[in-house]
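Report on the following structure.
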Amino acid sequence: MQWSLVVPVKSLARAKSRLADTADDAVRPDLALAFALDTVAAALACPAVADVAVVTDDLRAGRELAALGAAVVPDEPGAGLNAALAHAVAAVRAARAESAVAALNADLPALRPAELARVLERAAQFPRAFLPDAAAIGTTLLTAAPGRELRPAFGPDSRNRHRASGAVELRPAGVDSVRQDVDTGDDLRAALALGVGARTAATAARLLIAGQ
Ligand SMILES: Nc1nc2c(ncn2[C@@H]2O[C@H](COP(=O)(O)OP(=O)(O)OP(=O)(O)O)[C@@H](O)[C@H]2O)c(=O)[nH]1
Ligand SMILES: C=C(OP(=O)(O)O)C(=O)O
């Protein structure tokens with residue numbers, strides 16, 4: 001099965017507030033953009049992915065992600081993450097009604113195309129499915145088969161909400177790169193240990209040079 005991915009990207013100036021201890025205001029927007037660029041570059045390199053639509057109202061993020069080959073869907077102003085995802089899925093399916101769709105967070109800088117392909121292959125067996133994050137509290141990926149609604153319920157404790165909504169929890173082994181989202185300094189260290197993409201590596205090096 002080939003998938004259409006929707007990737008939400010918050011305004012860079014407001015993104016990754018939980019990384020404030022690790023990256024100050026001068027670096028954090030660049031780091032958030034680097035995460036998104038590495039996530040989307042890996043997604044576009046995944047053989048199971050037909051196309052990627054980024055939903056964002058950030059002009060810089062939209063421009064740089066479009067240059068990688070992603071489509072850009074404007075955000076719903078002020079409506080929040082789940083409304084943005086539902087809106088992006090509607091835009092994707094207006095063009096291709098029978099798409100299998102997956103929402104993928106943009107903070108997966110260690111993402112490997114082969115691991116994403118393994119997760120999507122499992123997800124293809126179910127009407128709706130999700131992958132818990134590395135902390136096993138949140139969600140990094142939520143999928144809906146053709147003809148099924150995505151019903152995104154991302155946010156704090158989303159693993160429980162996605163489970164309660166009837167989505168099947170995926171538990172494939174060896175897909176750490178798809179689960180390792182980056183919210184905190186410890187998450188960033190874990191992602192660096194897995195091996196991040198070139199843009200995140202370069203931006204994280206600025207933190208090390210600054211002695212953090
Ligand atoms: N388009 C869009 N994306 C969002 C919005 N809120 C969060 N996201 C994205 O959703 C994913 C998960 O976001 P979070 O980790 O909860 O938020 P964050 O801004 O990245 O980090 P914090 O400020 O620390 O909460 C990331 O890809 C964000 O860029 C929103 O309102 N609109
Ligand atoms: C939005 C989510 O991510 P985070 O845990 O990074 O807030 C989520 O897990 O649903």
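Rule-based calculations on the coordinates, nothing more; no lab input. None of these values were measured; they are calculated from a predicted model. Virtual Cβ from ideal backbone geometry, glycine too; neighbours counted across all protein chains shown.
Couple of notes before you dig in:
- Over all other residues within a Cβ to Cβ distance under 11 Å of THR203, the charged ones net out to +1, with Lys and Arg as +1 and Asp and Glu as -1.
- Where only DSSP H runs of four or more residues are counted, the chain gives -12000 deg cm²/dmol as its mean residue ellipticity at 222 nm, each run worth -39500 (n - 2.57).
- Label point distance in nm, ALA50-GLN2, each placed 7 Å from Cα along Cα→Cβ: 0.6
- Net charge over other residues, Cβ less than 10 angstrom from the Cβ of GLY166 (K, R count +1; D, E count -1): +3
- Cα-derived Rg over Rh, computed across segment 3-209 with Rh taken as Kirkwood radius: 0.93
- For the chain, modelled as a GNM whose springs connect Cα atoms under 10 angstrom apart, the maximal fluctuation among ALA88, ALA100, ALA114 occurs at ALA114.
- Rounded, prolate or oblate (a/c below 1.5 giving rounded, otherwise prolate when a/b exceeds b/c) for segment 81-130 by Cα gyration tensor: oblate
- Antiparallel bridges, percent of DSSP beta bridges restricted to the chain (to nearest 5): 35
- Multiplying the residue separation of ALA124 and ALA198 by 0.36 nm and removing their Cα-Cα distance gives an extension gain of 23.6 nm.
- Nearest-0.05 FRET efficiency for ARG163 and ASP25, computed from C-beta distance (R0 45 Å): 0.80
- Take each peptide in 68-80, 173-185, count the other Cβ atoms within 10 Å of every residue, and average; sorted highest first, the result is 173-185, 68-80.
- Relative contact order (percent, whole number), the chain, Cα cutoff 8 Å, 6+ residue spacing: 25
- Note on ALA79 and ALA205: the model spin-label points, each 7 Å out from Cα along the C-beta direction, lie 4.1 nm apart.
- For segment 98-212, the relative contact order works out to 33 percent when only alpha carbon pairs closer than 8 Å and six or more residues apart are counted.
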